[in-house]
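The values are calculated or read from the model by the stated rules, or taken from the named source; none is laboratory data. Everything quoted here is computed from the prediction, not taken from an experiment. Reconstructed Cβ throughout: ideal geometry from the backbone, glycine too, with neighbour counts over all protein chains shown.
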Amino acid sequence: MARVLINFPQRAKRGEIIEIKTLIQHPMETGYRLDSKGAVIPRDIISRFTCAYNGDEVFRAELFPAISANPFIAFSTLATESGELVFSWIDDNGQIQSEIRQITVE
Amino acid sequence: MRALLAAGFALAAVTAAFAEIAPEARRSGDDFVSPEIRAMQNDETANPGMLWVLQGETLWARKAGAAARSCQDCHGDAMASMKGVAARYPAFDAVLARPLDLEQRINRCRTEHQRAEPLAWESEDLLALTAFIARQSRGLPIAVATGPELRPFLDLGKELFRQREGQLNLSCSQCHDDNWGKRLAGSVIPQGHPTGYPIYRLEWQSLGSLQRRLRGCMTGVRAQPFDYGAPQAVALELYLVERARGMPMDAPAVRP
């Protein structure tokens, strides 16, 4: 499992816009680089990122080979009700890393 | 008279070439980065180096080696026991009678106390532990010891800093003492103060040690780089840290 940093206010007022910042450890190997012997280093990138808020997708990003290693994604959403945020990073091979975080809206 | 003046100028030129940076003109590498990079560094949720710090925190508590001991078993809570430690490295090791840098100290602890295999230079685990320990000194001033036993190593480091080398025949000093603030291709030349190591370098897309950085510079002037952990490399690190005395640590720093 890759290491992940997720940050957003744990408590928010209803109707407040909250900023969510995510950082994941990943090489984002482009597939265009050669190793010391001249062989192509196989492509290995996260191709999709999604965030679901109580089951509703509130943010999605598609990632491409030009994106740096350890991609940092920040976005905002409207705090509507208490519940959980599910963050998913999906790589080229369909492997999914999911993280669940709770939010309290009052 | 004219000959005397000419000699005077020649002498002035020689001293100018070896001029150290005046204390009031010293600037941390942090001063040379763009506001965007500084913002990334100072926001713990955006600084990619924190991924290694997190990993280091896990490793700190993990038992290793034949002794089945973790760092924590001896040193306790790193927040307290490791505070300011990284700001004092490289430090003199009485048994080996030479200075060790933080990476070497970690590995010495592993082989001596944990009876485990030393971690490879630039391996994820060594970088993670170094970053975690260095993180505990963030904001504290660099305060390396300079006892008489370190004097020969400091002198060696200083000599290496001023030694021209490589096909480009350049010394560290020619860029970092004489021409800091100017540009080398697109990048501003910093003064070369190692305040934030291990650093997350955007060019590397990864965390890296001071030794990796030094090797990069040496390859840049087309010299044969020191091996990782070579005594000369540690002496140079020691001189650089002494040169940056009093500057606040900002590890893990982000640099372009």
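Some values worked out for this structure:
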read-out	value
Single residue of segment B:24-43 satisfying the filter (within 14 Å of chain A (Cβ to nearest Cβ) and over 21 Å from the mean Cα position of the chain (by Cα)) that is surrounded by the fewest Cβ atoms within 10 Å (Cβ to Cβ)	B:36
Positions within segment B:73-125 being over 19 Å from the mean Cα position of the chain (by Cα), surrounded by 16 or more Cβ atoms within 10 Å (Cβ to Cβ) and closer than 21 Å to residue B:50 by Cα, in sequence order	B:78
Single condition residue A:84 does not satisfy, out of (1) away from chain B (no Cβ under 13 Å); (2) in contact (Cβ under 8 Å) with a residue 40 or more places away in the chain; (3) of a type in the set (D, E, K, R)	(2)
Yes/no for residue B:183 being touching a residue at least 24 places away in the same chain (Cβ under 8 Å) and basic (Lys, Arg)	no
Matching residues in segment B:203-226 - criterion: being in contact with a strand residue (DSSP E or B) (Cβ under 9 Å, 6 or more places away or on another chain) and surrounded by 16 or more Cβ atoms within 10 Å (Cβ to Cβ)	B:206, B:207, B:208, B:209, B:210, B:212, B:213, B:218, B:221, B:223
Unique match (being touching a residue at least 24 places away in the same chain (Cβ under 8 Å), assigned to a loop (DSSP other than H, G, I, E, B) and buried (at least 23 other Cβ atoms within 10 Å of the Cβ)) among B:229, B:192, B:246, B:196	B:196
Counted residues, segment B:54-72 - those being within 14 Å of another protein chain (Cβ to nearest Cβ) and either buried (at least 18 other Cβ atoms within 10 Å of the Cβ) or not polar (S, T, N, Q) (or both)	5
Conditions (1) in contact with a helix residue (DSSP H, G or I) (Cβ under 7 Å, 6 or more places away or on another chain); (2) modelled with pLDDT of 95 or more: number failed by residue A:76	(1)
Helices (runs of 4 or more DSSP H) contained entirely in segment B:11-108, each with at least 2 residues that are in contact (Cβ under 8 Å) with a residue 60 or more places away in the chain	B:35-42, B:49-60
Output for segment A:66-82, where each listed residue is more than 16 Å from residue A:2 (Cβ to Cβ) and either hydrophobic (A, V, I, L, M, F, W, C) or surrounded by 15 or more Cβ atoms within 10 Å (Cβ to Cβ) (or both)	A:66, A:74, A:75, A:77, A:78, A:79, A:80
Filtered residue count, segment A:31-89, keeping only those that are touching a Gly at 6+ places or on another chain (Cβ under 9 Å) and on the phi > 0 side of the Ramachandran plot	3
